[in-house]
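Colleague: Quick one: this structure, given as structure tokens, is what I'll be asking you about.
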Amino acid sequence: MNLFKKSRVLIQDLLNDTLETVQLKYNQASQLFTVASTWGQIIFVLENLSQLILYFIEDSITELNMREANRETSIYGLAALAGHNPTRSVASRGEIEISWNGKDTSEVGGNSILLPKGTTVKCLNNGMRYTLNLASDYVRLNLDKTSTVRLQIIQGVYESQEFTADGTPLQSFNVLIISLKFMIPYMICLMIQNHA
């Protein structure tokens, strides 16, 4: 005797087939064999467990699909499977070209200006702040119409925190990062007594 039919795979169909089989086997009418009876309770619990198992399977399959995953952990896991390290935040990088606009130089003492490393500029298009990422301590911009300087920039600004040690061996400090801000791991500079 086949208890389950392949054409009836819905949970409700499986439950109805199970109830009919048990009723026929023990010669009980549907009025006596209900959810209130012992066997009815067992079948009712198994039905609910089966629904949860099928929900879990459906959810697992959905979360394995790159186009349909919803959970943050699933998205990070799928990105890691594809070869991307999604948990490390990386700031935008770019290159800008700076030139003198030809306006008044009366406030400038000389015919050039020095742009120090770490100078921040603000983009008028998106309102974001960018930091000059220079290889040297400063770059010189001559104040004539033909002079231009190409510079590497990185999105964001440098922040610093200071800690004072008390001489205890193996002393450690926690750097606090405000939520919704990211720290780029390869742009950290540790200075001890103002020396890098």
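Colleague: As an exercise: evaluate Gln155 against (1) surrounded by 12 or more Cβ atoms within 10 Å (Cβ to Cβ); (2) over 29 Å from Asn194 (Cβ atoms) and give the number of the one condition it does not meet.
Modeller: Here Gln155 clears every test but (2).
Colleague: List every residue pair whose Cβ atoms lie under 9 Å apart, where the two residues are 6 or more positions apart in sequence or sit on different chains, the first residue falls within segment 127-151 and is without any contact (Cβ under 8 Å) to a residue 24 or more places away in the chain, and the second residue, located anywhere, is among the β-branched types (Val, Ile, Thr) and not in a strand (DSSP E or B).
Modeller: Leu132/Thr119; Leu134/Thr119
Colleague: Within segment 113-133, which residues are hydrophobic (A, V, I, L, M, F, W, C) and not in a loop (DSSP other than H, G, I, E, B)?
Modeller: Ile113, Leu114, Leu115, Val121, Leu132
Colleague: So, one more: How about segment 59-93: which of its residues are surrounded by 13 or more Cβ atoms within 10 Å (Cβ to Cβ) and not polar (S, T, N, Q)? Let's see the steps before the verdict.
Modeller: Narrowing segment 59-93 to residues surrounded by 13 or more Cβ atoms within 10 Å (Cβ to Cβ): 59, 62-64, 69, 74-79, 86, 90-91.
Answer for segment 59-93, where residues must be surrounded by 13 or more Cβ atoms within 10 Å (Cβ to Cβ) and not polar (S, T, N, Q): Asp59, Glu63, Leu64, Ala69, Ile75, Tyr76, Gly77, Leu78, Ala79, Pro86, Val90, Ala91.
Colleague: Let me ask something additional. Within the set of pairs 6 or more residues apart or between chains, which connect a residue that is under 26 Å from Ala79 (Cα atoms) and without any contact (Cβ under 8 Å) to a residue 40 or more places away in the chain inside segment 45-68 to a residue that is among the hydrophobic types (A, V, I, L, M, F, W, C) and surrounded by 10 or more Cβ atoms within 10 Å (Cβ to Cβ) with Cβ atoms less than 8 Å apart?
Modeller: Thr62/Ala69; Glu63/Ala69; Leu64/Leu78; Met66/Leu78
Colleague: Considering only residues that are among the aliphatic types (A, V, I, L, M) and either touching a helix residue (DSSP H, G or I) at 6+ places or on another chain (Cβ under 7 Å) or farther than 21 Å from Ser106 by Cα (or both), which ones fall in segment 140-165?
Modeller: Val149, Leu151, Ile153, Ile154, Val157, Ala165
Colleague: Could I ask something else about it? Provide a single number: the residues in segment 1-52 that are outside any helix (DSSP H, G or I), over 48 Å from the mean Cα position of the chain (by Cα), at pLDDT 70 or above and not β-branched (Val, Ile, Thr).
Modeller: Counting residues in segment 1-52 that are outside any helix (DSSP H, G or I), over 48 Å from the mean Cα position of the chain (by Cα), at pLDDT 70 or above and not β-branched (Val, Ile, Thr) gives 3.
Colleague: Output the qualifying pairs, or none if there are none: Cβ atoms under 7 angstrom, residues six or more apart or on different chains, first residue in segment 101-124 and closer than 20 Å to Asp137 by Cα, second residue among the aromatic types (Phe, Trp, Tyr).
Modeller: Filtered contacts from segment 101-124: Leu114/Tyr138; Leu115/Tyr138; Pro116/Tyr138; Lys117/Tyr138; Gly118/Tyr158; Thr120/Tyr130; Val121/Tyr130.
Conditions (1) aliphatic (A, V, I, L, M); (2) assigned to a loop (DSSP other than H, G, I, E, B); (3) loosely packed, with under 10 Cβ neighbours inside 10 Å; (4) in contact with a strand residue (DSSP E or B) (Cβ under 6 Å, 6 or more places away or on another chain), marked per residue:
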{"position": "Gly110", "(1), (2), (3), (4)": "no, yes, yes, no"}
{"position": "Ala135", "(1), (2), (3), (4)": "yes, yes, yes, no"}
{"position": "Asp144", "(1), (2), (3), (4)": "no, yes, no, no"}
{"position": "Leu151", "(1), (2), (3), (4)": "yes, no, no, yes"}
{"position": "Glu159", "(1), (2), (3), (4)": "no, yes, no, no"}
{"position": "Glu162", "(1), (2), (3), (4)": "no, yes, yes, no"}
{"position": "Gly167", "(1), (2), (3), (4)": "no, yes, yes, no"}
{"position": "Leu190", "(1), (2), (3), (4)": "yes, yes, yes, no"}
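The values are calculated or read from the model by the stated rules, or taken from the named source; none is laboratory data. None of these values were measured; they are calculated from a predicted model. Positions of Cβ are generated from backbone atoms using ideal geometry, with glycine treated the same way; all protein chains shown enter the neighbour counts.
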